[in-house]
1. What FRET efficiency comes out for residue 157 versus residue 249 if R0 is 41 angstrom and r is the Cβ-Cβ distance? Round to the nearest 0.05.
2. Please give the length that would be gained between residue 604 and residue 674 if that part of the chain were fully extended, namely 0.36 nm times their separation in residues minus their C-alpha to C-alpha distance (nm, one decimal).
3. Could you work out the relative contact order of the range 326-489, using alpha carbon pairs under 8 angstrom and six or more residues apart, expressed as a whole percent?
4. Compare the peptides 133-144, 671-682 by average per-residue count of other Cβ atoms within 10 angstrom and give them in order, highest first.
5. What is the helix-to-structure angle for 686-702, meaning the angle in degrees between its Cα long axis and the longest Cα principal axis of the chain, kept from 0 to 90 and rounded to the nearest 10?
6. When the convex hull of the C-alpha atoms of the range 289-386 is computed, what volume per residue in Å³ does it have?
7. Can you give me the distance in nm between label points at residue 587 and residue 94, each placed 7 Å from the Cα along the Cα-to-Cβ direction?
8. Ranking request for peptides 544-557, 623-636: highest mean number of other beta-carbon atoms within 10 Å first, then the rest in descending order.
């Protein structure tokens, strides 16, 4: 029998590794440590379990890809019990038969065999495994059980697993291609991570045509073990990666994702496209907040809080990555547009404003300088139309003036293919203004005539786009990313050691009684415990008692249903407003009792609550929270009153919220201009409303039993903020709250899981 050792030495044209060599160093010269993901991207030894010579099979493609680059410094060991050799290399029946340490195992065998193979890998001391095989959770219960077996078998071993049901990973920097894709990605500085293998192959093919390179190309599959958080953390520390681009179908381990993203986003852009934006929202809870909060909106809030930029179109993924890697972040959303043609400038302006951006209002100094520089017929505003016959030098000077104007946050330079325009010379003059601390992007319209200019701009770090509306859309993404990062940097939260600890005496009493729905009186007592202003509200169990309370509080009053079972009082005729006399209070009590008994039964009526009728000029808003299964309590601020769900003017945030974040929530509302005073109304006390939001978020992070809570309406006025109505619903048990959701709240409060 031929000596396998001699075979490997001869056919691989390099000597098989010693144990220390194979186990010791990564391609960068530093040792692989424990469960580090380095083993997936810089392995010293790779076993292909399911290696094959059958043309067209994944096993054959993997074998071909890996053997093609063995000169890159790793050793390959085909594993297949039916072959003595594969592709001219010695094959082993089992991984435990390989006489050398194995860093990485790539498994491409039927799903049912994988748990056993994983056990053998653990026995052999393998540090990482990529499970290419399909047939797991995507096929149903049986496949999910197989995943459970794999999880159980790697527990305590230190081995990490990517997959299953993935195409593998590439490290174009070192030449590693541990996938069954027929082409290899080009080296670059973008780490691309995808939950869709099909999208991976499509992006790969597209990137080769676009000459776009990657620092890594990763298909994660079902994320049985290695997930987004692990990979974000790894690429955050990878010197070859400048930005991280993600195609996501599910969030996986939410707390780990939040922790990793918050730690990395300030150093490297994280850009995500999330499939399923238009999927049906989560089933509405009993609260207004639950009805107004969909899972996708919650994900938006989580991304924003973690500093992640979410985009809408696959085609924008890599444009954004390039722009954020090459250009400074804008400090605001004000864009100046410099163009040699009016129409393209208008297109860019439309796209800018439709996406939330603003046309910069040029300063008087800049206007004066442009009047001196440009002919009298120029546009005299923004977009700055310098006219078709402007020289290349004039174009460059106009851009420099726009960039230096303190009223601008960025400049878009548009060049239409006109007779007077020489694209390459234009590009050279534009590039002179780069490096002034503001983003500069360009749109060179045309085909082959502008290709040299595009290349020149790229070499000078200025992204170019074929159409001006595309460029404007990218600028909108830039300032949104800038706002996300600014919020991270301005995070004013005080670390709370007592996060998720119970504090409310009222809540403890309700739980001891075995109830989950608090009355309005109880709900307001809880708010008061956390310093949130509430209108005085007193329970009354008879008409005589209601009259007594009303006379003590002072007319006019509001009388509302008191019930431990009914959540929305107005739905059952349980609200009477502006009652000026004792007689009307007595009548209101009887009418409410009769209406509730008729609609919901006698056990739904526990009396009424009486409160002073508040007459103050102001705006009704809603502040509420419902519990998301992945992220835990989600905080909502929006237009309130009975039209809260109709107006749909709301914004979400993950608690806890500090003063800066609270103010940003208020400013994100469409009604924000009205809150600042409109048509003679006084502006609200913004600081008072922000203070309520901060205290409300503290309540959410310290009381894990709260499932749903509404302050609706909350009256925001010039002389302060006060809750006119409130309701709280508790979880039936903390087992109904996914533990990751509690961790998410703790993470945001303390900065660590």
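Read-outs throughout are calculated quantities, based only on the coordinates presented, and are distinct from any laboratory measurement. None of the values given here were measured: they were computed from a predicted structure. With ideal geometry, Cβ positions are generated from the backbone for all residues, glycine too; neighbour counts draw on all protein chains shown.
1. 0.90
2. Going from the current span to full extension adds 21.3 nm.
3. Value for the range 326-489: 31 percent.
4. So the order, starting with the most tightly packed, is 133-144, 671-682.
5. 70 degrees
6. Hull volume normalised by residue count: 161 Å³.
7. That separation, rounded to one decimal, is 8.9 nm.
8. The peptides rank, most packed first, as 623-636, 544-557.
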